[in-house]
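None of the figures in this text is laboratory data; all of them are computed from the coordinates on show. None of the values given here were measured: they were computed from a predicted structure. Because the Cβ atoms are built from the backbone with ideal geometry, glycine has one as well, and the counts that use them run over all protein chains shown.
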Amino acid sequence: MKCPFCREGSFEVTDSRSDRDRFPIRRRRRCTHCGRRAWTVEQLEEAPLKVIKKNQSREPFDRLKIRKGMEKACYKRPLSTAQLEQAVDEIEAEVYRQFDSEAPVSAIGELVMAKLKELDQVAYVRFASVYREFKDVSEFVEEVQPMLGERD
């Protein structure tokens with residue numbers, strides 16, 4: 001980093017201070033040419049994750065959309081708010097773990113369906129019926145058939 005005062009020397013770090021869990025990081029710097037000192041502040045800047053929708057448009061990732069979809073699927077089901085919130089947290093963490101800058105909406109939908117299948121099968125079927133856009137009853141039965149086989 002160039003010295004902001006003399007524009008000649010490099011601005012070297014002599015001391016850093018930060019709390020482990022807090023940002024920003026403060027750094028004490030000194031110019032190798034003029035010797036002036038100053039504090040700089042560094043803050044983490046995340047690149048926002050974009051979601052690639054079915055029509056190939058892109059929009060910022062929004063965990064509230066996942067939560068709203070899950071709430072609709074879980075309407076009048078015996079799931080607590082805490083369970084839903086934890087599920088949304090886990091889905092969000094998995095999306096950020098799997099994708100760097102862009103995530104296809106299909107992958108997010110599959111993660112939601114997998115989580116709902118663990119939590120509540122009725123909620124899973126509700127979500128899948130909307131997400132998969134079933135055209136007729138036979139497609140719906142194909143989706144539910146593996147779950148009926150597990151019960152036996």
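In the stretch 21-118, which GluC sites (Glu not before Pro) are in a loop and have at most 11 other Cβ atoms within 10 Å, using DSSP for the loop call?
The qualifying sites are 45, 46.
I'd like the orientation of helix 105-119 relative to the chain: the angle between its Cα long axis and the longest Cα principal axis, in ° from 0 to 90, rounded to 10.
Computed tilt is about 60 degrees.
Could you work out, for the stretch 1-91, what percent of all Cα-Cα pairs fall into each 10 Å distance bin, beginning at 0 Å and stopping at the bin that holds the largest distance?
Result returned by the calculation: 14, 23, 19, 16, 16, 10, 3.
Please count, across the chain, the pairs of lysine residues with Cα atoms under 21 Å apart that sit 8 or more places apart or on different chains.
Lysine pairs meeting both conditions in the chain amount to 22.
Arrange 116, 49, 64 by Cβ neighbour counts within 10 Å, fewest through most, would you?
64, 49, 116
State the extension gain, in nm to one decimal, for the chain segment bounded by residue 102 and residue 25, taking 0.36 nm per residue of separation less the distance between their alpha-carbons.
Answer, rounded to one decimal: 24.9 nm.
Once you treat every alpha carbon in the stretch 86-152 as an equal point and sum by Debye, what is log10 I(q)/I(0) at q = 0.20, 0.26 Å⁻¹?
Normalising to I(0) and taking log10 leaves -0.85, -1.14.
Helix 121-131 versus the longest principal axis of the chain: what angle, 0 to 90°, nearest 10, using Cα atoms?
Taking Cα atoms only, the helix is inclined about 80 degrees.
Set the Förster distance to 25 Å, then compute FRET efficiency between residue 147 and residue 94 from the Cβ-Cβ distance, nearest 0.05.
The formula returns an efficiency of 0.70 here.
Can you give the angle from 0 to 90° between the axis of helix 137-151 and the longest principal axis of the chain, with both taken from C-alpha atoms, to the nearest 10?
Tilt of helix 137-151: around 80 degrees.
Please list, in chain and number order, the residues 5+ apart from residue 103 or on another chain whose amide H is under 5 Å from its amide H, with Hs placed from the backbone.
The list, which skips near neighbours in sequence, is 50, 51, 52.
Consider all pairwise Cα distances in the chain and report the whole-number % of them above 29 Å.
Tail of the P(r) past 29 Å holds 45 percent of the pairs.
Unpartnered cysteines of the chain (Cβ-Cβ under 4.7 Å counts as a partner)?
Flagged as lacking a Cys partner: 74.
Taking the simple approach of a point 7 Å from Cα along Cα-to-Cβ for both residue 6 and residue 122, what is their distance in nm?
Between residue 6 and residue 122, the simple spin-label model gives 7.6 nm.
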